[in-house]
Amino acid sequence: MFGPKKRQVKEADLEPGMEEMMHLAKMQRMNARLPPPEDISQALKQFFLSTHCRVNDRAAKLVASSLEYCWAAEEQASSPRRFISSQLLIRITKILRKTRAPVTEAHLRLSSLVLQKGQSLNGAVRYRANLSHIRMLGLAGHSLSARQLVEQIEKSGFASIERVSPNEAEIDNEDAEEGTASTAQHLESYWITALDAVSRGNSERDLLETLNMISERESLRPRPQLLAHPMLAFYLRTTNQEAVQTWWKQYWDSSTELGYGDEENQRSLAFNFDSVLRWCVSHQQLEFGHQVVRQAMINNPPKPLWDAIFIWAAATGKGADEIGRMMDVMKKSNEDFSDPTEWRLPDITTINGLVEYATSKQDPYLAERFIALGQARSIEPDARTYQLQIQYRLRVNDVDGALIAYKNLQAMDLSSNEDVPTVNELIVTLCQSKRHDFDTVMNVAMDLADRRARFEPSTVTALALLHLNRDEMHDVIDLLNTHAHHYSSAERDNIRSTLLDFCLNSKTPTSRAWDAYKILGTVFDEMPRSERTAVMASFFTRERPDMAVFIFNEMRRHSREDTIPVIDTYVTSFLCSAKLRDLDSLELIHNQLKLDYNITTNTYLQNAMMIAYTACGRPRQALAFWDDIVASKEGPTYNSIHIALRACEKAPFGDLRAKQLWAKLKQMGIELDQSMWASYAAALAGNGDIDLALESVEEAEGKNEVVVDVFLLGSLYDATAGHAEKQDEVESWATGKFPDAWEGLEKIGIEVNEQSGKKLPKIDRSVTP
């Protein structure tokens, strides 16, 4: 009672509502009593009210199942009742629109469900659902399906104007206004989104067809830059200079027709301006790039374009000093502006753009020159600068330099969290470094944890391995429970795969491998059967059948169909018990098989049990399985015969069973090849009936039924390994009758077991189910 307080494991960090949806999925798998739909409806509301970022595929799958459950409950209710409001559906579409590639089948299924339900609801829900699903199809690579959906909407007339009904008063005013927009406005949004979807693909033909379809519709009058933007984005992924020039001109002219516009328009213009210049550099189209820059310089461009021009200068070979003189030119251009707010002045954003370019070229010296250029102009580094400094120092394995930059970074404003990916990269490097101690790693990790920032999967993996190698199991569980439930399936798979490799590595101590498995089973419930079976087999290899049986029993108790044992799982366990010659584990798992109503016993499985019971010293019980096989509809295979003869070899009076079996085979006209003769001869010799074994071989050899080879002699020699005088008799007979074959066996080698003193030939007599 006065001992140290036992440490409590941290609970899994789940988004609000996620636990209830996971419980529903589990109950559905188990065909158990399901929770009330009111609880699931409330869970969905909580989840989407708390979620402001993208939904991963795991969450999308749970949400889709929960929606289907609630809608099914609505249909079955005796009185009209709605568990899912229109406002919640609109919220779901807004979150789905934040999804980035890659889009999974789970995302598409959720989007499709909302789309189908939206068609029977008001215009606001329908508009949002249509727009969201068109975009999702494009991100998933189904661009033509996105276009076809727009055509279907157009034909059905669902884009028509519709007022919000009184019972849909929970919809926000902004969403209601979108729902009552004109048919042309809705269709225009759909077609522009479809064009963007097609532009993400690789088919120029489909892209031009979609553009023509928009142009042919007289009711559509989209702004030119809305068409030019996806067209330009497509051709910037090609080598088609003419198309890039054409669409850049259209985009530039339409975007600057009435000036440079607001800041958002300037940022969009600067992004595409920079993209075109980078395309020119990578495709050696420098003359076109110079034309683009000259065109921008006709009218003093806004600062974001100046920043892109400086990067272009660096990409075309200008040094830091030359770019500094260009900055002087930019400052001089401010003489045309009386309003100081319109002045173009280099700032830290300018410097960071140059440093980022140098980092992308893996040129840390140039990056330092650009930072010095800024400081010479009283432009001090900010958080982004130090973030880039960490990046390029890590690229050249200057971890100490990266740590210095990180310390400088901590003094900056980090509220934007832009530095988080780079700090994650630093943590991974520190974990892999042999020069930096544990405290250094944890100081950086704790700083990130205190900010409640995202830990990347690679970071969690590196920290988990670090803790495992220090036997800090609770820290690993806390780490994974904090972060792993927020990752996508692919990200969780990566973490699980690394921990699994650690567990399966023969160099990992058994205690740590066991800790790793317990963590995998606790945090990664979705770990499939194949991986669990591999871990089970590894503990048999480590000579810990008790741990292996524990893993098997956990699989038996699992609720997922892709996890519970199948015939292959039982076969693996039986063969592992056979290799270890562990009767206890064999009998425990055999007893589980007797109770497993999901398994239909077949020859393959019974073959494995014959092998296992023979290896564990129960050949008579093994032969009982042979009797079952013979009596079954499936019947024995050639492997079954070999395995049965191995059992006869070990069983008391097994030579009698072997003779009966052999006589039956001959009577049935079964083809008896070299390996079959070797098994039969060994079965006779194993029970001490050397004379009959040798006579049978000689007689068969005389009738040309068998060729006495190395394997047959080796089988005879191996079968008599427990009796030295019998082995001597076999050796004497073989050297006299078949000297060439015996010489071949001696070349392969005969080793003496240090423990038993038995002489064993180096041949492989193993049998498989």
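Numbers for the structure displayed
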| item | result |
| --- | --- |
| Search result, residues across segment 99-124 that are loosely packed, with under 15 Cβ neighbours inside 10 Å and within 21 Å of the chain's Cα centre (by Cα) | Arg100, Ala101, Pro102, Glu105 |
| Qualifying residue in segment 218-226 (condition: modelled with pLDDT under 95, out of contact with any Asp or Glu (no Cβ under 6 Å at 6 or more places or on another chain), farther than 23 Å from Ser189 by Cβ and part of a helix (DSSP H, G or I)) | no |
| Tally, over segment 380-412, of residues that are farther than 21 Å from Glu456 by Cα and of a type outside the set (Val, Ile, Thr) | 9 |
| Count of residues meeting criterion [more than 24 Å from His283 (Cα to Cα) and either among the hydrophobic types (A, V, I, L, M, F, W, C) or surrounded by fewer than 17 Cβ atoms within 10 Å (Cβ to Cβ) (or both)] in segment 228-259 | 4 |
| Verdict on Val244 being of a type in the set (Val, Ile, Thr), under 29 Å from Trp191 (Cα atoms) and part of a helix (DSSP H, G or I) | yes |
| The lone exception for Arg544 - which of (1) among the charged types (D, E, K, R); (2) exposed (fewer than 15 other Cβ atoms within 10 Å of the Cβ); (3) modelled with pLDDT of 95 or more it fails | (2) |
| Filter pass, Ser78 being out of contact with any Lys or Arg (no Cβ under 7 Å at 6 or more places or on another chain), at pLDDT 90 or above and of a type in the set (S, T, N, Q) | no |
| Residues located in segment 75-95, provided they are in contact (Cβ under 8 Å) with a residue 24 or more places away in the chain and either touching a helix residue (DSSP H, G or I) at 6+ places or on another chain (Cβ under 7 Å) or of a type outside the set (Gly, Ala, Ser) (or both) | Phe83, Ile84, Ser86, Gln87, Leu88, Leu89, Ile90, Arg91, Ile92, Thr93, Lys94, Ile95 |
| Residue within segment 82-89 that is within 31 Å of the chain's Cα centre (by Cα) and either over 19 Å from Leu149 (Cα atoms) or modelled with pLDDT under 95 (or both) present | yes |
| Residues (without any contact (Cβ under 8 Å) to a residue 12 or more places away in the chain and either surrounded by 16 or more Cβ atoms within 10 Å (Cβ to Cβ) or assigned to a helix (DSSP H, G or I) (or both)) located in segment 20-53 | Met27 |
| Of all residues in segment 624-669 being touching a Cys at 6+ places or on another chain (Cβ under 6 Å) and at pLDDT 90 or above, the one that is surrounded by the fewest Cβ atoms within 10 Å (Cβ to Cβ) | Arg657 |
| Cross-chain or 6+ apart pairs with Cβ under 8 Å, segment 428-450 first and within 15 Å of Lys407 (Cα to Cα), then polar (S, T, N, Q) and not in a loop (DSSP other than H, G, I, E, B) | Leu430/Thr440; Ala445/Thr459; Asp447/Gln410; Leu448/Asn424 |
| Flag for Arg294 being modelled with pLDDT under 90, exposed (fewer than 15 other Cβ atoms within 10 Å of the Cβ) and part of a helix (DSSP H, G or I) | no |
| Given (1) closer than 17 Å to Ser255 by Cβ; (2) part of a helix (DSSP H, G or I); (3) not aromatic (Phe, Trp, Tyr), number of the condition Asp321 does not satisfy | (1) |
| Condition check for Lys703: buried (at least 20 other Cβ atoms within 10 Å of the Cβ) and without any contact (Cβ under 8 Å) to a residue 60 or more places away in the chain | no |
| Candidate set: segment 200-217, residues that are in contact (Cβ under 8 Å) with a residue 60 or more places away in the chain and part of a helix (DSSP H, G or I); chosen: the one nearest to the chain's Cα centre (by Cα) | Asp206 |
| Breaking point among (1) touching a Lys or Arg at 6+ places or on another chain (Cβ under 8 Å); (2) under 23 Å from Gly259 (Cα atoms), for Ala308 | (1) |
| Any hit, segment 38-55, residues being farther than 18 Å from Gly17 by Cβ and outside the structural domain of Glu526 (by TED's automatic domain parsing) | no |
| Residue check, Lys361 free of Cβ contacts under 8 Å to residues at least 24 places away in the same chain and farther than 30 Å from Asn417 by Cα | no |
| Selection count, segment 324-338, where residues are outside any helix (DSSP H, G or I) and among the β-branched types (Val, Ile, Thr) | 0 |
| Residues located in segment 643-677, provided they are under 53 Å from the mean Cα position of the chain (by Cα), more than 14 Å from Ser715 (Cβ to Cβ) and of a type in the set (Phe, Trp, Tyr) | Trp662 |
| Given (1) surrounded by fewer than 20 Cβ atoms within 10 Å (Cβ to Cβ); (2) free of Cβ contacts under 8 Å to residues at least 40 places away in the same chain; (3) within 19 Å of Ser360 (Cβ to Cβ), index of the condition Pro304 fails | (1) |
| Residue that is surrounded by the most Cβ atoms within 10 Å (Cβ to Cβ), among those in segment 503-528 that are free of Cβ contacts under 8 Å to residues at least 40 places away in the same chain and under 13 Å from Leu480 (Cβ atoms) | Met527 |
| Residue within segment 408-427 that is more than 28 Å from the chain's Cα centre (by Cα), among the hydrophobic types (A, V, I, L, M, F, W, C), part of a helix (DSSP H, G or I) and surrounded by fewer than 16 Cβ atoms within 10 Å (Cβ to Cβ) present | no |
| Those residues of segment 752-766 which are out of contact with any Phe, Trp or Tyr (no Cβ under 7 Å at 6 or more places or on another chain) and modelled with pLDDT of 85 or more, in sequence order | Lys762, Asp764, Arg765, Ser766 |
| Any hit, segment 457-477, residues being in contact with a helix residue (DSSP H, G or I) (Cβ under 8 Å, 6 or more places away or on another chain), free of Cβ contacts under 8 Å to residues at least 24 places away in the same chain and part of a helix (DSSP H, G or I) | yes |
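Residues are listed down the side, and each one gets a yes or a no for (1) out of contact with any Ser or Thr (no Cβ under 9 Å at 6 or more places or on another chain); (2) in a loop (DSSP other than H, G, I, E, B); (3) surrounded by 10 or more Cβ atoms within 10 Å (Cβ to Cβ); (4) free of Cβ contacts under 8 Å to residues at least 40 places away in the same chain:
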site	(1), (2), (3), (4)
Gly714	yes, no, yes, no
Tyr717	yes, no, yes, no
Ser732	yes, no, yes, yes
Trp742	no, no, yes, yes
Glu754	yes, yes, no, yes
Val767	no, yes, yes, no
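The values are calculated or read from the model by the stated rules, or taken from the named source; none is laboratory data. Given the structure is predicted, the values throughout are model-derived calculations rather than measurements. Don't worry about glycine lacking a Cβ; one is built from the backbone with ideal geometry, like all the others, and counts go over all protein chains shown.
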